[in-house]
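Everything on this sheet refers to the single structure shown next.
The values are calculated or read from the model by the stated rules, or taken from the named source; none is laboratory data. Because the structure is predicted, anything quoted here is derived from the model rather than measured. Glycine also receives a Cβ, built like all others from the backbone with ideal geometry; neighbour counts cover every protein chain displayed.
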C-alpha cells in the first residue's frame, strides 16, 4: 500500500506522490553534492551598479541592467506616473479591453527605434518567440498541402528552441535544420540543398547576441544569405537592443544593416529598464497577422501601465543621446582588457557579456561564493547551460558602474583567482 505500482506497458514503475518527492529530493541532494545546485542570492537593495547582498555592498556583475536604467530617476518617475494615471493593471487581454493608447504608443516607438514598420507587445520575449513560430507556421494560409522549414543556430536561446519544438509538435509539417553555432556558411549550404524541395515558408533564426558567450551574429552576412534563398530572417536581439551599435539599436546597427531584418524580437526586461515585457517587430502585415493568430498574445494579460510608460521613457532617453551607450562600451572595453591582463581566459568579443572561463562547475561555484565575500556579485554557469568542462563566470558590464567599481571587481578577481589556483 502506498508504494509504486507497475506500468506494464513500459516496464517502469508509476511513482505515487510520496515516492516522487523522495526521488526529487535525492536528485536535489546529488546536485548540491556535485556543486551544480543553483542557489539564489537575494538582493537587499535596488538593482544598480552596486547593490546590497549577503549583508554587504557588492559590485553587480550579474545583471542585464546594461544601461543602468533599472533604477534611473527618469525611469522610476515615468513608471510612477504611469501607475498614478493609468492604474495597476488592465485585468484583460489586449483584444477585449486591455489596450490603452500608451500600448500603441510604445509599439510605435519600438518599431521606429528598430527602423521597422510595426511592433506588437508581449509579456516577455520568451512568449514573443513562441508566438512568432506558432502563430505563423501553424496557419494554413489557404494551402492544404505544404511543409515549412526553420534554420536555427544550435546555440539559440531556449525560447527559440521551445518555440520551434512547439510548432513542430503542433503541426507535424515543420522541418528543422540546426546549423553549427555561427556557421553561416553551413546555414547557406543547408538553404541551397533544400532550395528545390518546395517549402512554403523558410525561416532562418538566430540570436543577435548569444547570452552564454557574448558573441554576436554577423547579421549582414546572415541577411545576404537569407535574401539569396528567399528565407525570412529572424533575429532575437534581447541582449543587444540598447547595447550594441553606436546608438544602441542592436546587432543590425552594429553590423551596418539597421532596419533590414524581416523580424526582430526583443525584451524590455534587460537594457530598456529591466522590468518585463517583450516584442516582435517587422512588416505591418506580419505584425497584424500575429495579433490575430498568436496564442501567447491572444490569451495573456496586457503589460501594466507602469512598465509601458517606463519603457517609452527609456526609448526617449536613447533617442535623445547616446551617452549611456558610449559609457557602456567604454566600461566593457576597460574590463575586457584588464581582466585578461590579470591572466584570466575570456571569450573574445565586444559585448558587455564577458565570460571568464574556469573549467569545472565546482570551481565556478566556489569562485562565485568567494567573490561575493569580497564584494563582487557574479554568478557561475555550468552544464547543461554550457558544455561540460566549459564552466564560467558570466560577467556583465553596465553603464552604471564607475571606474572605481570596476577596479574593485578586478582586484577581487585577482585575489580570489590566485587563492583558488585559477590564475598564478
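Remarks
- Candidate set: region 379-391, residues that are closer than 8 Å to residue 361 by Cα and not in a loop (DSSP other than H, G, I, E, B); chosen: the one farthest from the chain's Cα centre (by Cα): 391
- Considering residues of region 344-369 that are in contact with a helix residue (DSSP H, G or I) (Cβ under 7 Å, 6 or more places away or on another chain) and over 20 Å from residue 208 (Cα atoms) only, the residue surrounded by the fewest Cβ atoms within 10 Å (Cβ to Cβ): 344
- Qualifying residue in region 184-206 (condition: under 26 Å from residue 398 (Cα atoms), surrounded by 15 or more Cβ atoms within 10 Å (Cβ to Cβ) and at pLDDT 95 or above): yes
- Filter result for residue 411 (at pLDDT 95 or above, farther than 30 Å from residue 253 by Cα and out of contact with any strand residue (DSSP E or B) (no Cβ under 8 Å at 6 or more places or on another chain)): yes
- Positions within region 146-165 being part of a helix (DSSP H, G or I) and surrounded by fewer than 20 Cβ atoms within 10 Å (Cβ to Cβ), in sequence order: 158, 161, 162, 165
- Odd one out for residue 333, checked against (1) part of a helix (DSSP H, G or I); (2) touching a helix residue (DSSP H, G or I) at 6+ places or on another chain (Cβ under 7 Å); (3) surrounded by fewer than 18 Cβ atoms within 10 Å (Cβ to Cβ): (2)
- Residue that is surrounded by the fewest Cβ atoms within 10 Å (Cβ to Cβ), among those in region 374-407 that are without any contact (Cβ under 8 Å) to a residue 24 or more places away in the chain and over 17 Å from residue 338 (Cα atoms): 384
- Hits in region 260-295 (condition: under 18 Å from residue 226 (Cβ atoms) and either in contact with a helix residue (DSSP H, G or I) (Cβ under 7 Å, 6 or more places away or on another chain) or not assigned by TED's automatic domain parsing to the domain that holds residue 312 (or both)): 260, 261, 263, 264, 265, 280, 281
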